[in-house]
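Following: one structure in structure tokens, then a few remarks.
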Amino acid sequence: MTSTTHAASQASEPSEASEAGGDVQTIALEILTDEELSVLLPDQGVVVTPVLSAVPAAERDAVRRTAFRGLVARGIVDPPGQEAVTAALGAPAAVGDVALDLRVRNDVLSALTLRQSASAVVAVGRTTSSDQDFWYAHVVEDVVLLEEVGSDGLHRFALGHARDLAALLLGAVVHPEASDGTGEDVELAVAPDSEAPSELVERLGQAYLRADVLVVRREEGAALERPDLTGLFTGPRGSWSILARPGSQRAWAHAETLDSVRTRVAALAAGARS
């Protein structure tokens, strides 16, 4: 792809998203690292941990102990007494070797509770010519917890209204200078040895921002279900989408107008809220 700027960061800021009707406000919350989240939450769900995942398994306990000390120093976690550690192990030990019942600061605890309680997660992987990051919207009834994850392993949280999800998602996945796309729809084979038409590859390569979007729903009593993948390619030279269904060997590429992109994004947001 071609880019003269970091389009992913331009496309969305965690504190504010823009729509034709005006600004949609969100409330910025705490910033946590991969390592800190691994101390606070045993299960990261669909959210990536780019820095921690690169740490060898044998070194992760040491990394998590350091992260725990950072949480204590920042006042996010109350330090457990040595009695709690001793009771858990039967002997003195370094915090981080054993799971402890942590007392987490209320605002962070509330955000983590929302994250774990989401009925649906809109998961977005964003790519420009120079960077990649990830954007998540955890939907809990009338509230949405936003989470941006950079390649530096920092998770930036913000709180918004679920009614604004379409506007927030639009700001996250569409380049601010996007224009209408041109060209015929193309059906693609997604087998490993297949190739897309060169004309389509050229058009997609002109996009400043690529956003791969999944709406992952959790039905009551069921595991997270992975649905269709929507790829959006947007920039000043046009907008296109690629739709792929799980288990299918085919995908469909469409030229998009700005209006059709808005409609497609609104449908994804509605699916997450339904």
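A simple spin-label model places pseudo-atoms 7 Å from Cα toward Cβ; at Asp107 and Glu141 they are separated by 2.3 nm.
Would you mind pulling out the separation of the Cα centroids of the stretch 235-274 and the stretch 169-185, in Å? So the two Cα centres are separated by 10 Å. Per the Kirkwood formula applied to alpha carbons, the stretch 128-274 shows a radius of gyration over Rh ratio, Rg over Rh, of 0.97.
Work out the FRET efficiency for Glu30 and Leu258 from their Cβ-Cβ distance, taking R0 = 25 Å, and round it to the nearest 0.05. Show your work: numbers first, answer last.
Numbers: r = 35 Å, r/R0 = 1.39.
Plugging the Cβ-Cβ distance into 1/(1 + (r/R0)^6) gives 0.10.
Straightening the chain between Leu154 and Arg250 buys 31.0 nm, computed as 0.36 nm per residue apart minus the Cα-Cα spacing. In a DSSP loop and with at most 15 other Cβ atoms within 10 Å, the GluC sites (Glu not before Pro) in the stretch 123-218 are Glu141, Glu177, Glu184, Glu195. The simple spin-label model puts a point 7 Å past each Cα toward its Cβ; for Glu59 and Ala189 those points are separated by 4.3 nm.
Sort the stretch 96-179 into rounded, prolate or oblate with this rule: let a ≥ b ≥ c be the square roots of the eigenvalues of the Cα gyration tensor; rounded if a/c is under 1.5, and if a/c is not under 1.5, prolate when a/b is larger than b/c, oblate otherwise. Spell out each step's value before the answer.
On the way: a/c = 2.94, a/b = 1.48, b/c = 1.99.
Oblate, because a/c is 1.5 or more while a/b does not exceed b/c.
A short reminder: the numbers here are calculations on the coordinates, not readings from a lab. All values derive from a computational prediction rather than experimental measurement. Note that each Cβ is placed from the backbone with ideal geometry, even for glycine, and that neighbours are counted across all protein chains shown.
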